[in-house]
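Values in this text are rule-based calculations from the coordinates and carry no lab data. Note that the coordinates shown come from a computational prediction; the quantities given were computed from them, not determined experimentally. Please note: Cβ atoms are built from the backbone with ideal geometry, for glycine as well, and neighbour counts cover all protein chains shown.
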Number of protein chains: 2
Amino acid sequence: MARLREFDEDRALDAAVDCFWNRGYEATSVRDLAREMGIGGASLYNAFGGKRALFERVLERYANRSTRERIARLEASHRPREAIRAFLAEVIDRSLKDRDCKGCLLVNSALDVAPHDAELGRVVTGYLEEIRSFFRRNVEAAIAAGETPRGTDAEALSIHLLGVLMGMRVLSRTGARRRTLEAVVQPALDLLEKPH
Amino acid sequence: MARLREFDEDRALDAAVDCFWNRGYEATSVRDLAREMGIGGASLYNAFGGKRALFERVLERYANRSTRERIARLEASHRPREAIRAFLAEVIDRSLKDRDCKGCLLVNSALDVAPHDAELGRVVTGYLEEIRSFFRRNVEAAIAAGETPRGTDAEALSIHLLGVLMGMRVLSRTGARRRTLEAVVQPALDLLEKPH
DNA sequence: CGAATTTTAGTGCAATCGTTCCAGAATCGC
DNA sequence: GCGATTCTGGAACGATTGCACTAAAATTCG
């Protein structure tokens with residue numbers, strides 16, 4: 001019926017993720033995007049609709065490939081408390097490896113675009129809630145397994161863990177060292193450990 | 001010798017603070033700034049040098065009027081542990097009162113402009129270090145007063161407090177409720193409290 | 001007052017913004 | 001091969017960007 005698309009949509013999306021992740025929404029131009037994605041401007045509008053619509057696809061892809069993948073993988077291979085610990089440790093490792101200090105696209109977006117675009121704000125908040133839900137699920141499981149201190153509140157602790165994760169992401173974007181990031185996170189992990 | 005300036009530089013700076021605070025560096029245009037500051041574009045360049053130079057003045061004014069003022073005031077009127085508690089409580093109160101969810105200009109800048117401008121990055125990091133230094137100073141004083149749990153590490157705890165503050169600021173920008181913000185902060189404050 | 005100096009509003013500039021349009025190329029059912 | 005359809009690179013759109021320039025207005029010193 002019609003001409004076939006020449007470029008790989010997933011590869012192009014990955015390139016767009018890198019663009020928005022590096023420079024933020026406002027500072028990334030459609031021309032930058034098209035160049036990095038290896039396509040023409042017309043193809044971008046043809047395939048993705050425009051800058052904003054592309055950004056929604058980018059957020060979704062980032063969530064799938066980064067956040068959801070990590071949650072599923074760690075939850076499948078670790079006991080509850082260790083899943084939380086491994087999640088934070090992995091984020092620290094990746095943050096330190098990233099020379100560009102890109103931080104987390106969801107956190108960057110929460111501060112950059114969410115306040116000025118209610119719909120995108122709800123999307124970002126939804127993804128953050130998925131992370132918190134992961135924390136909450138595993139804190140509850142750890143409580144049920146009797147591995148946590150007495151009186152642990154899963155709801156409150158999951159919020160605290162999300163906040164600590166956000167703060168660590170902010171500091172990692174400013175180029176913090178490993179010792180700093182671990183000092184941010186450690187006390188939160190200690191709350192899951194029975195006092196001895 | 002020369003004509004006197006018609007506008008009040010401090011009032012104009014305050015208006016510029018609001019602009020950058022609301023919309024971020026990139027998304028704020030010089031024309032927006034001039035209009036909100038009540039001056040012409042030429043006056044802006046004349047008095048402040050340009051957008052970037054103005055932003056540095058804005059960061060300085062924000063730090064003086066918001067962060068440093070709060071630190072000095074609370075440190076003068078509270079005992080060490082209560083100064084930290086009051087600091088976080090005040091930030092929560094102000095975050096909830098702010099309908100625009102502007103968050104903290106320093107945090108917003110740390111994610112928005114710092115990674116792309118090394119010099120501004122150092123400026124922002126410096127202001128954040130002042131906050132951490134406030135935490136550290138008061139944790140040390142609390143330790144010296146014997147008010148903290150045994151084995152409290154002032155350096156590590158001050159980093160944790162800074163991270164928790166950053167995280168709370170991120171979540172406040174997404175429109176979090178009081179219960180959420182307090183849940184983020186409470187466990188960090190508990191670390192200053194002797195177990196009973 | 002006259003000269004010197006600096007602020008002011010307004011306009012202009014080259015560049016870039018997100019987006020659209022266009023002509024040509026490629027692919028399908030027929 | 002043909003018509004229909006969708007893709008492609010490239011040019012062009014109006015709007016806006018940060019910044020520079022001009023002439024008039026205002027102030028202080030001599």
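Brief remarks follow.
- The number of residues in the stretch B:177-196 being hydrophobic (A, V, I, L, M, F, W, C) and more than 9 Å from every other protein chain (Cβ to nearest Cβ) comes to 2.
- Breaking point among (1) surrounded by 20 or more Cβ atoms within 10 Å (Cβ to Cβ); (2) under 21 Å from A:Glu90 (Cα atoms); (3) within 10 Å of chain B (Cβ to nearest Cβ), for A:Asp112: (2)
Residue-by-condition table, conditions (1) within 14 Å of DNA strand C (Cβ to nearest atom); (2) over 26 Å from A:Tyr25 (Cα atoms):
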position: B:Leu13; (1), (2): yes, yes
position: B:Ser29; (1), (2): yes, no
position: B:Ala34; (1), (2): yes, no
position: B:Ala42; (1), (2): yes, yes
position: B:Gly50; (1), (2): yes, no
position: B:Phe55; (1), (2): no, no
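- Considered as a group, the residues in the stretch B:27-45 that are near DNA strand D (Cβ under 10 Å from one of its atoms) and buried (at least 17 other Cβ atoms within 10 Å of the Cβ) include one that is nearest to the other protein chains (Cβ to nearest Cβ), and that residue is B:Ala27.
- Residue match in the stretch A:126-134 (condition: β-branched (Val, Ile, Thr), over 19 Å from the mean Cα position of the chain (by Cα) and crowded, with 21+ Cβ neighbours inside 10 Å): no
- Residue match in the stretch B:46-67 (condition: closer than 30 Å to B:Pro149 by Cα, in contact with a Phe, Trp or Tyr (Cβ under 9 Å, 6 or more places away or on another chain) and surrounded by 15 or more Cβ atoms within 10 Å (Cβ to Cβ)): yes
- Just so you know, in the stretch B:148-173 the residues that are buried (at least 21 other Cβ atoms within 10 Å of the Cβ) and of a type in the set (S, T, N, Q) include one that is farthest from the other protein chains (Cβ to nearest Cβ), and it is B:Thr148.
- Residue within the stretch A:172-186 that is on the phi > 0 side of the Ramachandran plot, in a loop (DSSP other than H, G, I, E, B) and either free of Cβ contacts under 8 Å to residues at least 12 places away in the same chain or of a type outside the set (Gly, Ala, Ser) (or both) present: no
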